[in-house]
Amino acid sequence: MNTLILKTASKFLLPLLLMFSVFLLLRGHYLPGGGFVGGLVASIAFVLHAFAYDMQSSRRLLRVHPGFLIPAGLALAALSGIFPMVYSDLPFMTGVWYPESVPVIGSIGTALFFDIGVYLVVVGSVLTIIMTLSESA
Amino acid sequence: MSPQLIFWPVLFQLLLAVALLFLWRKVQVQRAVSIAGSTVAVVLSAALFTLTLRDGIGTVQAGNWPAPFGIALVSDTLSSLLVLLTSLAGLAVSVFSSASVTGARLKFGYFPVFHILLMGLNGAFLTGDLFNLYVWFEVIIICSFVLITLGTERKQLEGAVKYFTLNMLASIIFLTAIAVIYGLTGSLNLADISIQIAAIENRFLVEIAAVLFFVGFGIKSAVFPLYFWLPASYHTPPDAVSAIFGGLLTKVGVYAYLRIFTLIFAGDAFIRELLVTAAILTIVSGALGALIQNNLRKVFSYLIVCHIGFMIVGIGLGTETAYAGTVSYLIHDIVVKTNLFLVAGLIFRVKGSVSLRDIGGLYKRYPWLSLLIAVPLFSLVGIPPLSGFWPKISLFGAATETRSFWVLGALIFGSVLTLIIVAKVWAAAVWKEPSGKNPPVKMVLFDQISKERRILYVLPIVLLSLVSLYIGFGAEHIQEIAGRVAADLINPDAYIEAVLYPAGKSSP
Amino acid sequence: MHLLLAIFTGILYAAGIYMILRRSLVKLIIGLVLLGNGVNLLIFLMGSLVKGGPPIIPEASKVIEGPFDDPIPQALILTAIVISFGLQSFAIILLKRTYQVVKTDDLDEINTTDEFA
């Protein structure tokens, strides 16, 4: 597809959507949002870019292979679950929180890292699916 | 025992899969990591099993949310035993896969998916939460879909269509059953449901839920008349995949039957009758199906169906002896069925065919190998003192005790036909003169591959044969464990107490 | 609202079962999708549905006042939706590949694995 409007718009929409996805990710613990939705929004940003230009340029934009994001996210999520087991002999997935709240990000705890892991897995798998489909079609 | 240990059989497989995903495309390294990791998994699950045997039922609450609100993981004798057997079968199949699964499949993530499948199996055995059981079932079937279609040959896709449809339908029915149970009791924790369900006055609704569970798990464990997908699909993927499917996937269904029908619907006469009837028909139809097949893998697929009947019959009879029989049969069957499909893979590699007409002359070429193959084959029949003998004795005893002569008849029929089939396979593969038919040209046969790969082919079969020899000769020990499990299943109070009122919390 | 939901659940189940009994592979998958949605609605119905009573504790107090909706079915449905999303996308790819290889979507012709050989 070759439209000037979409190309121009996607240039501005890509950073905005990525910002929005991080915003959704960070507020997700107590408010609507979270890693899954954030990840979907982030992958939509790249898909929109791919619509406006082509798959190769979005691939370059992403830098890393989306297939790499899946194990990275899985590892982060798993380790954030295992952390309380090693740190204080609590069961898997118990929330461990840093006592003080950090500005902008809010409270930092294992749940946040788990959500970041989910975010990475979602971005990785959605982009892998869409890239594979668009290349095989 | 530190309760955290219960998580490790599940978590370790996850971490292993993640490590293998990072090694995407590095096929050689993946093989080594998978074998090494599976060995560690065996050690971990053996530790869990021995500690559970020593200290009794262990529970742990994921996220530290107290039961019945959080997801409980429970390691009782049955669960930890099955986790141990899963790891053993997993190790054997991992070694076998490293030799037999070809490069193209490995490049598309065979090993990571395989380890996630093992994670799903361990999770399903350890969980104490109904919805979590559903999630683990989904993990298992998604991985099995990938493994069955990987390679996308025509027959694989055709088998996968049937496998996919029926398994997805089973999940939907299972989920419907969960919805009904949740509506009735307002709980998802198995121990909690077990208490709540007794107080429900509308027994009709409870029976409907029980039938939904029966159908849902029935499809998964291949019970008559819901088994047709199994012989249509299990012979299509590579033998290593068939081995893990045949050895473990249907057994998850049997495990779910054991859990649900002893914990939630215990003592429901209608369900008992349903289970016994279905089991008798499963034995008969599976045995007859195996008798007429000529494809070695299909013969074994039908034998899976037949022997699922043996296990379900014990659950249906519902006495302590019967449960002990089912459990010891389960132990024996997981090991032997996994081994049989590996043997089918070995025979395929040696002869280039799995048709009973074309294989033959194995004894002439490889006398030691034929002796090795004899162990799983004759364990399956249960020639004393091999492993299939003792569980059958328990089941026969239970059938006579409850004076259910139809069951006794079906058990004898199934055993005799299994003997005939195994004799047929043995004669065709080992003693018969080789047919003049040449194997396919492009196939690399057993005597053409390197010595290391040949060892990797034979080693897992040796391992599993040793385990099944131990089950046969160490029957005293196995019977004792099965007896303990049966006592726990008959009287689930200890299980309920361990989940809902762990040490430190007062019991009611 | 309960009655309406019950009727919709029934319709989804009926339509799903009708579709999986058809011979076409595409219709089979549509049937499974419909059944999956029917189950989700059933779970939703099975929690104690309360209109306009979200299970959120007001900031001022420590407990919820009045009847409130059961939050668990929604968590269950969310999980079930994500799982069925994965399964359905797999099903569609499987359908595509099968059609490419076998060159038919008639289930009566996808039967070579059942043949006696």
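The shape of region B:355-508 can be summarised by an equivalent ellipsoid whose semi-axes, obtained from the alpha carbon gyration tensor, come to 42, 23, 13 Å from longest to shortest. Within straight cross-link reach of B:K26, meaning Cα distance under 26 Å, which lysines are found once same-chain residues fewer than 8 apart are removed? Once the sequence-local lysines are set aside, what remains near B:K26 is B:K107, B:K442, B:K451.
Solvent-accessible surface (1.4 Å probe) assigned to B:R25 amounts to roughly 130 Å². Considering only Cα atoms, the convex hull volume of region B:68-109 works out to 82 Å³ per residue. In units of the rule-of-thumb radius 2.2 N^0.38 Å, chain C shows an alpha carbon radius of gyration of 1.51. Annotation: Cα Rg of region B:298-415 relative to the compact-globule expectation 2.2 N^0.38 Å equals 1.19. With Rh defined as the Kirkwood radius, the inverse of the mean 1/r over Cα pairs, the Rg/Rh of region B:229-296 is 1.06. When the surface is traced with a 1.4 Å probe over the full set of protein chains, A:T128 keeps roughly 40 Å² accessible.
The tail of the calculated P(r) for region B:98-172, taken as Cα-Cα distances beyond 20 Å, holds 38 percent of the pairs. Over 28 Å apart at the Cα level, from the set B:K251/B:K298; B:K351/C:K96; C:K27/C:K103, are B:K351/C:K96. Its convex hull of Cα atoms gives the protein assembly as shown a direction-averaged projected area, equal to a quarter of the hull surface, of 34.6 nm². Mind checking the angle between helix B:367-381 and chain B's longest principal axis? C-alpha axes, 0 to 90 degrees, to the nearest 10. In chain B, helix B:367-381 runs at an angle near 30 degrees to the longest axis.
Take the Cα radius of gyration of region B:3-499 and divide it by 2.2 N^0.38 Å, N being the number of residues; the result is 0.92. With all protein chains kept in place, the per residue accessible area of region A:4-136 amounts to 55 square angstrom at a probe of 1.4 angstrom. Rounded to the nearest angstrom and listed largest first, the equivalent-ellipsoid semi-axes of region B:351-416 from its Cα gyration tensor are 34, 14, 6. For region C:18-58, a reduction of at least 40 Å² in accessible area between the chain on its own and the assembled protein chains (probe 1.4 Å) is found at C:L32, C:V39, C:I43, C:M46.
Interface size, chains B and C: roughly 3300 Å² of accessible area buried, both sides included, 1.4 Å probe, rounded to the nearest 100. Largest first, the residues B:V499, B:V135 sort by 1.4 Å accessible area into B:V135, B:V499. Equivalent-ellipsoid semi-axes for region A:4-136 (Cα gyration tensor, √(5λ), whole Å, largest first): 31, 17, 9. Heavy-atom accessible area with a 1.4 Å probe sorts C:M46, B:M168, largest first, into C:M46, B:M168. Which angle between 0 and 90 degrees, to the nearest 10, do you get for helix B:77-100 versus the longest principal axis of chain B when only C-alpha atoms count? Its long axis makes an angle of about 20 degrees.
Computed from Cα atoms, the angle from the helix B:203-221 axis to the main principal axis of chain B rounds to 20 degrees. For peptide B:141-149, the mean count of partner chain Cβ atoms within 10 Å of a residue's Cβ comes to 2. Computed with a 1.4 Å probe on the full set of protein chains, the accessible area for B:F204 sits at about 140 Å².
The values are calculated or read from the model by the stated rules, or taken from the named source; none is laboratory data. The model shown is predicted, which means the values in this text are computed figures rather than measured ones. With ideal geometry, Cβ positions are generated from the backbone for all residues, glycine too; neighbour counts draw on all protein chains shown. The protein model used for the area step is the full one, side chains on, heavy atoms only, and it has no ligands, DNA or RNA in it. Shrake-Rupley method; radii C 1.70, N 1.55, O 1.52, S 1.80 Å.
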